[in-house]
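The values are calculated or read from the model by the stated rules, or taken from the named source; none is laboratory data. In this text, all values refer to a predicted model and were calculated from it rather than measured experimentally. Neighbour counts run over all protein chains shown; Cβ positions are idealised from the backbone, glycine included. Each accessible area value is taken on the protein alone, full model and side chains, heavy atoms only, with ligands, DNA and RNA left out. Shrake-Rupley method; radii C 1.70, N 1.55, O 1.52, S 1.80 Å.
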Amino acid sequence: MTDAYTLDALTQALKGLPGVGIKSAARMAFHLMQRDRAAATRLSRALQEAVERVRHCSRCHTFTDSEVCATCQDAGRDNSKLCVVETPADQSAIERTASFKGLYFVLMGKLSPLDGIGPKDIGLAKLLDRAVDGEVQEVILATNFTAEGEATAHVIAEMLKSKGLHVTRLARGVPAGSELEYVDLGTIAHALVDRR
């Protein structure tokens, strides 16, 4: 009975990961136990170490294992530009483009009143403190183009504009290499409105 319970507990823990259903979780659990116990041990140790050491950067709120993350410590970054993103994954995506050399603020979420997530839950007060530090000249809103992301960007823009900051929003439009007939109508409409 305890053997089945232990394996079930592992499956349930894996099912908690985003995009992992019960069948995928069970397949992973069986694979780790049957074929790759060394990987299971490494995964367990890595998770334990991450839980113990990873925290939020005191400046940008992203994940780090030190007081201030490497990006915020980088003297080569442009302190006058602050890019606001929803998650560390969004920050990572922008970094992979190698086209932004400023700093970040990671909200760790987005406004979602239906889910009970308000301004305090995503650190808007901390963002305001960071944005009005005297160095930031432009705040780039890079929240996702979902209803919640748009609402979050709107609230942040109004908050920062009232403090005299220059606020911009990521452009959106037709993806490179695509054909117009296959692009959704909302994207085409936004591309027309945001044309340059």
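At a glance:
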read-out: Any helices (runs of 4 or more DSSP H) falling wholly within region 18-110 and containing at least 3 residues that are surrounded by 14 or more Cβ atoms within 10 Å (Cβ to Cβ); value: 22-34, 88-97
read-out: So GLN34, is it more than 21 Å from the chain's Cα centre (by Cα), within 30 Å of TYR104 (Cα to Cα) and not small (Gly, Ala, Ser); value: no
read-out: Residue list for region 124-164, restricted to those being in a loop (DSSP other than H, G, I, E, B) and open to solvent by 20 Å² or more (accessible area, probe 1.4 Å); value: VAL132, ASP133, GLY134, GLU135, GLN137, ASN144, PHE145, THR146, SER162, LYS163, GLY164
